[in-house]
Every structure is written in structure tokens, then in C-alpha cells.
1. For residue 9 and residue 85, calculate 0.36 nm times their separation in residues minus their Cα-Cα distance, and state this gained length in nm to one decimal.
2. What is the extension gain from residue 25 to residue 45, computed as 0.36 nm multiplied by their sequence separation minus the C-alpha to C-alpha distance, in nm to one decimal?
3. Note down the relative contact order for segment 61-103 as a percent, whole number, built from C-alpha pairs under 8 angstrom at least six residues apart.
Amino acid sequence: MTPLMATDYDAPRKTEEDLSEDSLQELQARRSDKNSGVVDEDETEAAEGFELPGADLSGEELSVRVLPRQADEFTCSRCFLVHHRSQLAYERDGAPVCSECAA
């Protein structure tokens, strides 16, 4: 039994006459038109020009107080994030693994 293909009744259809009218030059022109719309844009340059209104943070300074790892915390040997002991899934060869990495 041959599987039936779904038919898209909204898609435009070409007759045999339309198909025979497409010359090689027309097809090449269409292909070059498609490529002419492609623009090589550097994402970094595009992002530099993008500015949110009222978001001038050039004068701001970020200050974060970093605390050393506490006695009830561990550093996961897979993701290298510091977690609370309640997030410890298991230890393999003395290397702790958090529950997120173990899943």
C-alpha cells in the first residue's frame, strides 16, 4: 500500500503550461534575487548601536561583596557552582555532584 501524501489546497499550483514557460534565464535571475537580499551583518556592531532609552549606565559602578564558601556549602565538580549541602546528590571519588547535574 502506498502512503498518501497530504495536499495543501492553499498552495498556488502551476499548470504544465506555466512550468514550461520558466526559462533558464528566469530561474537564474530568481536565484540571484534571493541572494541579493542576504546581508552580512556583524552582530557585535549591531548590538553596539542598540541603546535602551534611559539606560545610560556608563557612570554606574558595580560593587559586589564576594563571600568565601561557607561550611554548609560545596562546589559541584561538574558545573563548578557553589551549592548548599541540601543540594548534594552524591560524591564520586571524593568529588561532590549537585542534584541538578545528577539529574
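1. Numbers: separation 76, 0.36 × 76 = 27.36 nm, distance 6.02 nm.
Going from the current span to full extension adds 21.3 nm.
2. On the way: separation 20, 0.36 × 20 = 7.20 nm, distance 3.73 nm.
Working it through step by step, the gained length comes to 3.5 nm.
3. Values: 47 pairs, mean separation 12.4, N = 43.
After rounding, I find 29 percent.
Taken together, the values in this text are just the output of simple stated rules run on the coordinates, not laboratory data. Everything numeric in this text was worked out from a predicted model, so none of it was measured.
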